[in-house]
1. Rounded, prolate or oblate, given the Cα gyration tensor of the range 32-97, with a/c below 1.5 counting as rounded?
2. Principal axis extents for the range 124-175, Cα atoms only, whole Å, descending order, please.
3. Per DSSP H run of at least 4 residues, take -39500 (n - 2.57); add these up for the chain, divide by its residues and hand me the 222 nm value, nearest 500 deg cm²/dmol.
4. Can you flag which of Lys77/Lys124; Lys118/Lys146; Lys138/Lys168; Lys17/Lys168; Lys77/Lys146; Lys80/Lys105 are past 21 Å Cα-Cα?
5. Give me P(r) over the range 12-57, computed from all C-alpha to C-alpha distances, binned every 5 Å, as integer percentages.
6. Specify whether the C-alpha gyration tensor of the chain places it in the rounded, prolate or oblate class, a ≥ b ≥ c being the square roots of the eigenvalues: rounded for a/c under 1.5, otherwise prolate if a/b is larger than b/c and oblate if not.
7. May I ask you to rank Ile64, Ile70 by accessible area, largest first, using a 1.4 Å probe over the protein chains only?
8. Can you list, bin by bin at 10 Å, the percent of alpha carbon pairs in the range 81-123, starting at 0?
Amino acid sequence: MKVLFIQKMAGISGSEKYFLNLLPILKKHGIEAHFLVVQHPSNASKNEIFIDLLKKDKINVHIIESRWPISMGIIWKTFKLIQKESFDIVQTNLIHADAWGACVKRFFMPTVNLVSVKHGYDEKYQQQHGFDPEYLKKDMFFFLTKWSAKYMNKVVSISEALQELLVKGGMVSSEKAIVIPYGFDFDDVVEQTKAGEL
């Protein structure tokens, strides 16, 4: 299986650390993982470590530079990459990548298998209301999330609370929504307690 992961990047934070752990494991299981970094030229230096770590693990890395977060250039280059490499699945991460992937499917490649992975919703909304759908406003983030989801084969949330916000908020259909919680690898955990200490 051949999978492309897409994300707009400006340095390493939570989702990037997740991919640094996940992609090498997928490779060990026989999945050919590719990662598309979309970056503003001024952020290139912030992404070097992430890119180098993926390449060290023999993960295929592709880079698109753009000064604009939404542009036909990004969408066209993403489409050409998907077309050239014939990916079995394209996974978009975060709102910008969701929009690029949805545009590729809507305008160029209706048969592409597109999966969106949701790590959260709009940060400002979450800080004020958590995952309560009652306070949702139909702003740009809402409409972009809803429009992009129309073109996804599946929308994966990392928690049931996030899925509930997306479904009850009317952004994602329940038929497309699934939950895959973040996992933990305990193989390297060192036992530090002794019998009788608990």
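The values are calculated or read from the model by the stated rules, or taken from the named source; none is laboratory data. Note that the structure is a prediction, hence the values are computed from the model and not measured. Cβ placement follows ideal geometry from the backbone for every residue including glycine, while neighbour counts extend to all protein chains displayed. Side chains included, ligands, DNA and RNA excluded: accessible areas come from the protein's heavy atoms. Shrake-Rupley method; radii C 1.70, N 1.55, O 1.52, S 1.80 Å.
1. Working: a/c = 1.88, a/b = 1.02, b/c = 1.85.
In terms of gyration-tensor shape, oblate.
2. Extents along the principal axes: 30, 23, 14 Å.
3. Details: 7 runs with 83 residues, N = 198.
Helix-only estimate at 222 nm: -13000 deg cm²/dmol.
4. Details: Lys77/Lys124 31 Å; Lys118/Lys146 12 Å; Lys138/Lys168 14 Å; Lys17/Lys168 30 Å; Lys77/Lys146 24 Å; Lys80/Lys105 12 Å.
The answer is Lys77/Lys124; Lys17/Lys168; Lys77/Lys146.
5. Result returned by the calculation: 5, 19, 32, 25, 12, 5, 2, 0.
6. Numbers: a/c = 1.62, a/b = 1.11, b/c = 1.45.
Cα axes put the chain in the oblate bin.
7. On the way: Ile64 10, Ile70 90 Å².
Per-residue accessible area, sorted high to low, gives Ile70, Ile64.
8. 28, 54, 15, 2
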